Structures are given as structure tokens and as C-alpha cells.
Amino acid sequence: MVRALSLIGCFLIALEGFLLNAGKSLCTSRGCKVVLESAGVHEYYILLAGFLAFCTIFVSTFVKEKTGSRIITLALTGILSAEGVFVGYQLFYLKEICQFCMIIFAIFLLISVVRYKEAVYGFLGFLFAVSSMFLVAPEHFKLEEGLTLIFKDDCPHCEKVIEFAEKNDVELKKVNVNKVLNLVKDLGISEVPVLISKQKGRIEILVGEDEIVDFLSGSPVIELP
């Protein structure tokens, strides 16, 4: 059964590589792509790693039992730990799941269940990785009515906007950019500060100190002399 599952995994990864080369994919969500973009890793490297992992497990079933068992233990420990990072990142950071990643993970999981004695450390590594991603995951961002300022620590332009708002008694909800990286990236914004104004369902987005200060200066909440 392990050999069959390994061959299925190899086939799916090879198929995904072929489709990617043609500009297509087995995955219909953005989860996997966003994970790889965030990590700065090309899809082909991840596919190659998965393909080699399945090949290693497949070949290990033909060698001596003791040696093969050790190789499978090492392979599953590394694979399940890595899958824990991928799964945790998608669940707790992106809130979006890559179907292809989940299928590959399910195959590795089935192999681990069949060879559970060799997969003990792998299961522990997976649980540790997922738990770690959960603990360090940013809080879910929900855009509320009013003014929301996305800022970065040690950003002088951000500090000037905050000082201007405090001086003029403008209430800002401040959110560190590290907690909303996906939102900023999806909006195509590459700099801070960013002000998001949501008033009665109407949303305005302003980028940069000058544009934000000009907007706040004309806001009805500020009474200029």
C-alpha cells in the first residue's frame, strides 16, 4: 500500500509540474501560491522536494527492513514537520486552503498511518509546527467603521501622521503592517502609512503621509483655524 500511495503522489506532483509549465494548476485556490510568494520559494522547488520524498519512501520499501525503516522515519519526520508549517500557515495566516496541498498531505498522512511506528516523530513534528503557527499567527483583521491606519514601527512618516491625528483629536485605529501583510499585498500597496476610511459603507484608501494629512485636514472631525 505504501508503494502504491508513493506512486500516486509522484504522479500527482509530476502532473502539477506539467500543468504549471502550461500555465495551469490542479489547485483552484490562491492558498498555495500565496504561501510560496510569502516564503520567496518557487513552486518547482517545492514540487521537486515532494517528488523526491515520495521516491525516497518508495525505494525504501525495497531495501532491508531495518535500513528502510530508518529512512522512512527520517523522511516522514521531515515531511510531516514541513507539512505542519504549510497547513498551519494556510489555516491561521491566509484563512485559505490549497486543495492540491491538502491532497498531497492526505497521501503522506495515509502513508504515516500505515507505517505508524516510523511516523511517531513525524506526527510530533507536525503537531509542533501547526501549534507554533497558531501561536504566532496575526490577529484576524476586520475593517470597522471609522479611520484605520496601517503603520510600521520606526517609520517616520507613520509617526508624523499619528502625531497629526493626536494633535487634532482624530481617532485612529492603528494596525501594524505585519498583521495585515496579505491585505496590503492584495491591494497592490508597497509602502506605509496607509489610511483606510470606512464611512457608511463607503471605503477610501490613502497612501503616504502627505495624502493622508491632506485627507485628515479636510475631514469634518477636524476644525482648522
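The values are calculated or read from the model by the stated rules, or taken from the named source; none is laboratory data. As the structure is a computational prediction, the values presented were derived from the model and not from experiment. Neighbour counts run over all protein chains shown; Cβ positions are idealised from the backbone, glycine included. Only protein heavy atoms, including side chains, enter the accessible area calculation; ligands, DNA and RNA are left aside. Shrake-Rupley method; radii C 1.70, N 1.55, O 1.52, S 1.80 Å.
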Under a crude label model (7 Å from the Cα following the beta-carbon direction), how far is Ser217 from Lys64 in nanometres?
8.1
Just the number, please: carbon plus sulfur as a percent of the accessible area of the range 51-128, 1.4 Å probe, no ligands or DNA/RNA counted.
74
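Could you compute the net charge surrounding Gly122? Neighbours are other residues with a C-beta less than 14 Å from the C-beta of Gly122; K and R count +1, D and E count -1. Spell out each step's value before the answer.
Working: positive: Arg70, Arg115, Lys117; negative: Glu83, Glu118.
Result for the neighbourhood of Gly122: +1.
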Over 18 Å between Cα atoms: which of Lys152/Lys198; Lys174/Lys200; Lys152/Lys173; Lys173/Lys198; Lys179/Lys200; Lys66/Lys117 fall into that group?
Lys152/Lys198; Lys174/Lys200; Lys179/Lys200
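Could you calculate the FRET efficiency of Ile8 with Asp169 from 1/(1 + (r/R0)^6), where r is the beta carbon distance between them and R0 is 45 Å, rounded to 0.05?
0.10
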